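Read through the structure below, which is laid out as structure tokens, and then see the notes.
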Ligand code: SAH
Ligand code: SF4
Ligand code: F3S
């Protein structure tokens, strides 16, 4: 939706995030162009340059010798994956990882801006680091991730959190060696945030968490501009990786023995829309990836609007493409969907679900829902409840709407009291729990295939893993089962997990997922 259409749809005109009250320019050691909504809306189809020439400058090698780093990640899978890249760069500089914050020489918070409580967690955490910094002034504390892309956050940190030594944005990760170098030399806060989205750099190092499941980015950014959402501003415009780079990465992970890949993008169904030289879209990518010998391929997140018939056709072929689709609906009311600028109606969503279920009868659907969007009426909320029942989702992630500064929805006047929003969330969560428990019941007595990830968090005697449909299964088995796909007979079905008895390692065939 362009600016004119947005106004035509009765939505408020977005404007710039608040300008800084004070001139902090002396702090800006490097490039700082505050990301802005106005610029974001103007972004066009400039060429995206692909690079594979990242290398750590000779000058910086050994910077981390005898030093350790600690990273805490607050955001989505995309942020988790960025943390793997940041760790890869730090290890390339000679740093060692540590899980103990008190022994780290570099502490990084990889932040999330999606809701206010995500941001508050980060500010709380920064507060805890003040004494650490006082005790050891040589420690470097950095803030990166989506919050760094918000001007108001940068200003708040400058004003109130002088324990922070560096702030760098989501497009600046590759500049980490230079940023650290400057931070060691400088007494001022080093700020390196670009508003213009980065080009795609293919050869950044990564240190993956574990060797069973891996994340693979297929695209960056988001151009959907849902009116409540900060992501299109913090992550920049949509840009897709070239198919051959993705295919090669997945092949390599398969040959390294990884069992499951999750393809990442804020809106994976828009994959390839930005290619002007090839007509290659998400369905084509999935078709190519199915031919790779790796047991499971998932993706997240898909936007209902771009979910096309070709993709459904390819997913229906199954094989390593899992029969679980996360399909955020956000609301069951067409009126609310319209002011959210989701670009589909309740009817369109239900029709899409019908088509998916027809093609993949065994499919499991999960979703995201926002309650208490500005002025959501009781009737509109009831439409969300009825849609939830009608689709029969297995699980939903549910949120109370949180206004994000600079987004169009944040300017909407809202007359729904927080108490009412909380009550709606409780009612929805009750339904989510009930349907989750119901979806689990049929598993009792059945045999499922589980990718074993390791010890259960609650009990080290027990192993845990997930089915293709992402159901958590706990069972006793020899530790040699870790990293393998095994058969488990379910003995008890709970609301959120299943208990079972280990049968044996699966070779090839598939039973219940
Ligand atoms: N790209 C994904 C969503 C990423 S954010 C998609 O479109 O499906 C994950 C979820 O956070 C969203 O689906 C939405 O339900 C929720 N969310 C995003 N912005 C929010 C806000 N301002 N307040 C409350 N929830 C929000
Ligand atoms: Fe945000 Fe997802 Fe909408 Fe993009 S598609 S604006 S990431 S909710
Ligand atoms: Fe949060 Fe940024 Fe992900 S806002 S949800 S970390 S893309």
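The values are calculated or read from the model by the stated rules, or taken from the named source; none is laboratory data. Just so it is clear, the structure is predicted and the values come from calculations on it, not from any experiment. A quick note on method: Cβ atoms are made from the backbone with ideal geometry, for glycine too, and the neighbour counts reach across all protein chains shown.
Looking at (1) surrounded by fewer than 18 Cβ atoms within 10 Å (Cβ to Cβ); (2) at pLDDT below 95, which is the only condition residue 195 fails?
For residue 195, the failing item is (1).
Taking the condition at pLDDT 95 or above, crowded, with 19+ Cβ neighbours inside 10 Å and either over 20 Å from the mean Cα position of the chain (by Cα) or under 22 Å from residue 258 (Cα atoms) (or both), does residue 289 pass? Spell out the reasoning first.
Working: at pLDDT 95 or above: yes; crowded, with 19+ Cβ neighbours inside 10 Å: yes; either over 20 Å from the mean Cα position of the chain (by Cα) or under 22 Å from residue 258 (Cα atoms) (or both): yes.
Here the answer is yes, as residue 289 does meet what is asked.
Looking at 224, 206, which one is closer than 20 Å to residue 266 by Cβ, within 14 Å of ligand 2 (Cβ to nearest atom) and either in a loop (DSSP other than H, G, I, E, B) or in contact with a strand residue (DSSP E or B) (Cβ under 8 Å, 6 or more places away or on another chain) (or both)?
Details: 206 fails: within 14 Å of ligand 2 (Cβ to nearest atom).
Among 224, 206, only 224 is closer than 20 Å to residue 266 by Cβ, within 14 Å of ligand 2 (Cβ to nearest atom) and either in a loop (DSSP other than H, G, I, E, B) or in contact with a strand residue (DSSP E or B) (Cβ under 8 Å, 6 or more places away or on another chain) (or both).
Restricting the search to segment 257-271, which residues are within 16 Å of ligand 1 (Cβ to nearest atom) and surrounded by fewer than 21 Cβ atoms within 10 Å (Cβ to Cβ)?
Of all residues in segment 257-271, those within 16 Å of ligand 1 (Cβ to nearest atom) come to 262-271.
Once the filter is applied, which keeps residues that are within 16 Å of ligand 1 (Cβ to nearest atom) and surrounded by fewer than 21 Cβ atoms within 10 Å (Cβ to Cβ), segment 257-271 yields only 262.
Output yes when any residue across segment 300-308 is closer than 23 Å to residue 48 by Cβ, surrounded by 21 or more Cβ atoms within 10 Å (Cβ to Cβ) and in contact with a strand residue (DSSP E or B) (Cβ under 6 Å, 6 or more places away or on another chain), and no when none is.
no
For the structure I just gave you, tell me whether residue 230 is more than 12 Å from ligand 2 (Cβ to nearest atom) and crowded, with 19+ Cβ neighbours inside 10 Å. Quick ask: steps written out before the conclusion?
On the way: more than 12 Å from ligand 2 (Cβ to nearest atom): no; crowded, with 19+ Cβ neighbours inside 10 Å: yes.
Spelling it out, it is not the case that residue 230 is more than 12 Å from ligand 2 (Cβ to nearest atom) and crowded, with 19+ Cβ neighbours inside 10 Å.
Could you list, in sequence order, the residues of segment 339-366 that are within 16 Å of ligand 1 (Cβ to nearest atom), more than 21 Å from residue 265 (Cα to Cα) and touching a residue at least 60 places away in the same chain (Cβ under 8 Å)?
Selection gives 339 alone.
Out of all the residues in segment 308-321, is one or more in contact (Cβ under 8 Å) with a residue 12 or more places away in the chain, within 16 Å of ligand 1 (Cβ to nearest atom) and assigned to a loop (DSSP other than H, G, I, E, B)?
No - not one qualifying residue is present in segment 308-321.
Quick check: anything in segment 330-353 within 16 Å of ligand 3 (Cβ to nearest atom), crowded, with 20+ Cβ neighbours inside 10 Å and outside any helix (DSSP H, G or I)?
Step one: filter segment 330-353 for residues within 16 Å of ligand 3 (Cβ to nearest atom), giving 330.
The next check asks that each one be crowded, with 20+ Cβ neighbours inside 10 Å; those that pass are 330.
Checking which are outside any helix (DSSP H, G or I) leaves us with 330.
For segment 330-353, residues within 16 Å of ligand 3 (Cβ to nearest atom), crowded, with 20+ Cβ neighbours inside 10 Å and outside any helix (DSSP H, G or I): present.
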